[in-house]
Every structure is written in structure tokens, then in C-alpha cells.
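The values are calculated or read from the model by the stated rules, or taken from the named source; none is laboratory data. Note that this is a predicted model, so its numbers are computed, not measured. Here the Cβ is made from the backbone with ideal geometry for all residues, glycine too, and neighbour counts use every protein chain on show.
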Amino acid sequence: MGSFAELTHFAERYLPYLAGGFAVTLAIAALSVPLALGWSLPILLCRLARRRWLAGAAAAYIEVMRNTPLLIQMYLIYFGLPLFHVFLSGFMCGVLAITLQHGAFLAEVLRAGVESVSARQWDAARAIGMRSRTAFRLVVLPQALVKMLPPLGNQLIVLVKDTSLVSAIGVMEVTLSGKMIIERTGGSYEVFVAVALFYLTMTTALGAGLRVAERRLAVRFG
């Protein structure tokens, strides 16, 4: 009974303060995931382009984004854009930084999936009169998706966890909310246990959804 009473006390005291942070974190993740996926597609197309300068530019972008910390990129956007008279909220700067970096990672995941499809699939599609774009969309991409979903899911889970970094630029998401609660109310480590459980719930749900999609694609295109 004592433990139940402590749990009830914790929920009554802290969860209302964390609720706003939960909502902000969900909003960041909900925006960043589709934006990063969308941004990865033009990077992928440039990376696979026959023009060397275009493929080289995409490769250079990917290397820079993958090999520098997301937190530094976030700072550069947050403090750098005002120098060019571009003013964005901390929320949008965080979403932009996550999109730009994870778009690069996702583009490499997509490239590996596309290149894993046999060249004979391209040849067969062209033999029946398909253009390259049509062959890519109807023949190559569905087969590549089956192979790329596991690493794609891993990267998206990393993206969701990286939303906690926006706390460094003052966005009151769930991690910063937990820190502020402890500082202002003298709360204990249980606050961060609640934060960790929130992230665990989000990433577990995302992983489960991706596994369902993987099984369905395997049945359809396997």
C-alpha cells in the first residue's frame, strides 16, 4: 500500500508539470520524422545522380552532417540564423537541425537499400518499356523497402531520442521540464524515471509499428 500511495503522490504532484513537456516532445517527433524522411529523398536522388558534381555535393553534405554533433548543428542554427536576419523559435530550430542531420543518415539507409536490389530488376523493367523513374518507383523501391525497413526503424528511433537535445536551446520539452521540476520543487530522481519511461513508450510504439509494416511488405513484395 505504501508503494501505491507513493506512486499516487508522485503522479498527482509531478505529472501535471510534465504533461506540457510530453506534448512538446511529441510535437517535435511528429514533425521531425516525416520532414527527415522527406528531406532524405532529394538527397538520395542527388547521391545516385549520374552527374558527378551533384553526387559529390550530396556525398559531402552527408559526410558533414553525419560527422558533426547534432547539438553543435543545433547551436549553429539557433545562434547563426539571426546573423542573417532569419528568426526562428527554438522549437523550429530544433526541428530543422534534427531534419537536416537525420535526413542525411536516412538517405544513406535508403541508398543502401536501393543498391541492394539486383541490376537485373532494372534491366527487366526497362525491357518492358519502363522509364527509369517509373522503374524506380514501381519495381526497385518496393523491393528496397523490404530490406531497408530494419535499419530505417533504428534510425527513426535514434531521431526520437535525439529530440531531448532541443532542451539545450531552451525548448521546454519533457527532459527540460523534468530538470526544472527537480530544481524548483526539490523533486527526486523519479522524475527522470518518468521521462525515461515516456521515451521508452514512444520508441517501443514506433518500433512495433515498423515491425508490422516490415511483415506486410515482406508478404506483399517478398
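Within the range 126-146, does at least one residue satisfy the condition of being outside any helix (DSSP H, G or I) and of a type in the set (Lys, Arg)? Before you say what the answer is, go through the steps one by one.
Step one: list which residues in the range 126-146 are outside any helix (DSSP H, G or I), which gives 128-131.
Okay, now just the ones that are also of a type in the set (Lys, Arg), so 131.
Yes, the range 126-146 has at least one match.
Please work out which one of (1) touching a helix residue (DSSP H, G or I) at 6+ places or on another chain (Cβ under 8 Å); (2) over 19 Å from Leu217 (Cα atoms) is the condition Ala127 fails and give its number. All conditions pass for Ala127, except number (1).
Answer yes or no: is there a residue in the range 131-142 that is within 26 Å of the chain's Cα centre (by Cα), farther than 25 Å from Arg211 by Cβ and among the aromatic types (Phe, Trp, Tyr). Within the range 131-142, one or more residues are within 26 Å of the chain's Cα centre (by Cα), farther than 25 Å from Arg211 by Cβ and among the aromatic types (Phe, Trp, Tyr).
If I go through the range 48-80 residue by residue, how many of them are among the basic types (Lys, Arg) and either at pLDDT 95 or above or closer than 29 Å to Ser164 by Cβ (or both)?
The initial filter retains those residues of the range 48-80 that are among the basic types (Lys, Arg), namely 50-52, 66.
Cutting the leftovers down to either at pLDDT 95 or above or closer than 29 Å to Ser164 by Cβ (or both) gives us 66.
Looking only at that region, the number is 1.
Looking at Val33, Val24, which is the one that is of a type in the set (Val, Ile, Thr), within 23 Å of Leu145 (Cβ to Cβ) and either in contact (Cβ under 8 Å) with a residue 12 or more places away in the chain or surrounded by 14 or more Cβ atoms within 10 Å (Cβ to Cβ) (or both)?
Numbers: Val24 fails: within 23 Å of Leu145 (Cβ to Cβ).
Criteria check complete, one pass: Val33.
A residue that is farther than 24 Å from Ala23 by Cβ, touching a residue at least 24 places away in the same chain (Cβ under 8 Å), assigned to a helix (DSSP H, G or I) and not polar (S, T, N, Q) cannot be found anywhere in the range 154-167.
Against the numbered list (1) more than 25 Å from Gly113 (Cβ to Cβ); (2) in contact with a helix residue (DSSP H, G or I) (Cβ under 8 Å, 6 or more places away or on another chain); (3) part of a helix (DSSP H, G or I); (4) not charged (D, E, K, R), Thr201 comes up short only at (2). Looking only at residues of the range 36-61 that are surrounded by 14 or more Cβ atoms within 10 Å (Cβ to Cβ) and aromatic (Phe, Trp, Tyr), we find that the one that is farthest from Val171 (Cα to Cα) is Tyr61. Close contacts from the range 62-89, counting a first residue that is exposed (fewer than 12 other Cβ atoms within 10 Å of the Cβ) and a second that is among the basic types (Lys, Arg), with Cβ to Cβ under 8 Å and a gap of 6+ residues or different chains, come to none at all. When every residue of the range 70-87 is checked against the conditions, at least one turns out to be assigned to a loop (DSSP other than H, G, I, E, B) and on the phi < 0 side of the Ramachandran plot.
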